Every structure is written in C-alpha cells, then in structure tokens.
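**Student:** Okay, handing you the structure first.
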Amino acid sequence: MHLGRHISGQFNAELEAIRTHVLTMGGLVEQQLSFAMQALHKQDIELAKKVVRDDHKVNGMEVTIDEACTRIIAKRQPTARDLRLIMAIIKTITDLERIGDVAAKIAYIAIETPSPNEQKFQVSLEPLCRRAIAMLHQVLDAFARMDTDAAAEVYKLDDDLDAEYKAVLHQLMLYMQENPQDIPNILQVMWSAQAIERVGDRCQNICEYIIYFVKGKDVRHLENDDIDKYI
C-alpha cells in the first residue's frame, strides 16, 4: 500500500509497523468469530472457552496500537494524509475490538447453554455468520490495500447481511409463536443473530475510514449510491 514517503525513514517504518499490527489484529478477530460460530454450532465447549480466553489478546492489541498511534501524534505531529491515516487506524481498531467482543459473546452463549435442543435453532445462524465473516475478510483486504473501490463494494454487502438477519428473525419468531415452551432457547439465538448483524455495521464503519483516508471525504451517514460519488 502506498502510504506516501517521508524524509524520515523511521517515520515510514513506524507507519508500516502499525499498519501490519492492525492487519494482524484483524486476522485474529476473524479467527475468533469463526471459532465462536463453530463452537456454538457444534456445542464445542473447549473451543468456546478458547475464544473467551483469547479475547484478551484482541484487547491487548487494541491498547498497543492505540498507544503507538498516540506516540506518533506526539512525536511526529502528523498533518493532512498522515493524520487521516492515524485517525482511520484508531477508529478501525475500535471496531475490530468490538467485533472481538461479539465473538466472545457468542462463545459465552455456547458455554452457558449447551442444550442439544437449542442446536436446531442455531443452524439458522450459519448463513448469517458466513456472510459476516466473509464481509470482515473482504474489508480487511480492502484495508490492507487501502482500496476505495473494494471498500465501496464491501459497504453494499451489508444490505445482504441485513436481509439474512431479518429472515432469521422472522423464522425464529414464527417458531416462538408455535412453540412457546422454547422461547428462552430461541431468545438466546436471537441475541446471537443480533450480535452477528452488528458485525456488518462495524465492517461498514471500516469501509468509511478507508475512503476517508484515501479521498479525504467523510462519507458517514450517506446512502450507498452517494458513496460511489466519492470513489
């Protein structure tokens, strides 16, 4: 990724190190989300416990990167494009940490409700979670290349994720009406679905940060078609 070159080779090295660390954090978060869904679907308590244990790694990475960004701001006093990059990174790691929290939440549900009866409801989450993981993977790839075209395409994928989420809710609500005795179990699945749907929103945020860095335009709160105007 072309970040721009500076007279100070050390400044270039610092920026590259931070960018690499963000991608490492993103890879871990993606793995956490995938493991959490596997644990929920297969009722794998040990895998769920691993996700919970490893959540501190995600938190630690956020703190480390945030501190590195703070040092650069204090030491280098970046302006213009460099400052936009630092701000984009700080915001990105916040969203990645919150996606990590989603993975931990799903893992906790797998640990606390290891009921075979619930597994038939959890199957409905698989397509939703696959979409969320794919969206996260693609936005991390767009971030690695700071590719605004790819970011715009990922941004639009949230519509498909939202549609899948609504379909899952509709299915679960119909089942609750017909089987009120299963409402507690179904509610757990609905909470998981809601948490997964939020992953798409976090990915959209990262898309906005990419566009902000490259184009210098704040595209928050714009419609999909309007965002294309800034690419």
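**Student:** Assess whether Cys129 counts as being within 13 Å of the chain's Cα centre (by Cα), of a type in the set (A, V, I, L, M, F, W, C) and modelled with pLDDT under 95.
**Tutor:** Yes, satisfied.
**Student:** Taking region 17-55, which residues are among the charged types (D, E, K, R) and at pLDDT below 90?
**Tutor:** Hit for region 17-55 is Lys42, nothing else.
Matching residues to (1) in contact (Cβ under 8 Å) with a residue 60 or more places away in the chain; (2) in contact with an Asp or Glu (Cβ under 9 Å, 6 or more places away or on another chain); (3) surrounded by 15 or more Cβ atoms within 10 Å (Cβ to Cβ); (4) on the phi > 0 side of the Ramachandran plot:
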position	(1), (2), (3), (4)
Ala39	yes, yes, yes, no
Lys57	no, no, no, no
Ile65	no, no, yes, no
Cys69	no, no, yes, no
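**Student:** Consider only pairs whose beta carbons are under 7 Å apart and that are at least six residues apart or on different chains; among these, list those whose first residue lies in region 137-151 and is over 19 Å from Thr94 (Cβ atoms) and touching a residue at least 60 places away in the same chain (Cβ under 8 Å) and whose second residue is part of a helix (DSSP H, G or I) and among the basic types (Lys, Arg).
**Tutor:** Thr148/Lys215
Residues are listed down the side, and each one gets a yes or a no for (1) surrounded by 15 or more Cβ atoms within 10 Å (Cβ to Cβ); (2) without any contact (Cβ under 8 Å) to a residue 60 or more places away in the chain; (3) among the basic types (Lys, Arg):
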residue	(1), (2), (3)
Met173	no, yes, no
Asp182	yes, no, no
Ile196	yes, no, no
Glu208	yes, yes, no
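The values are calculated or read from the model by the stated rules, or taken from the named source; none is laboratory data. None of the values given here were measured: they were computed from a predicted structure. Cβ atoms come from the backbone with ideal geometry, glycine included; neighbour counts cover every protein chain shown.
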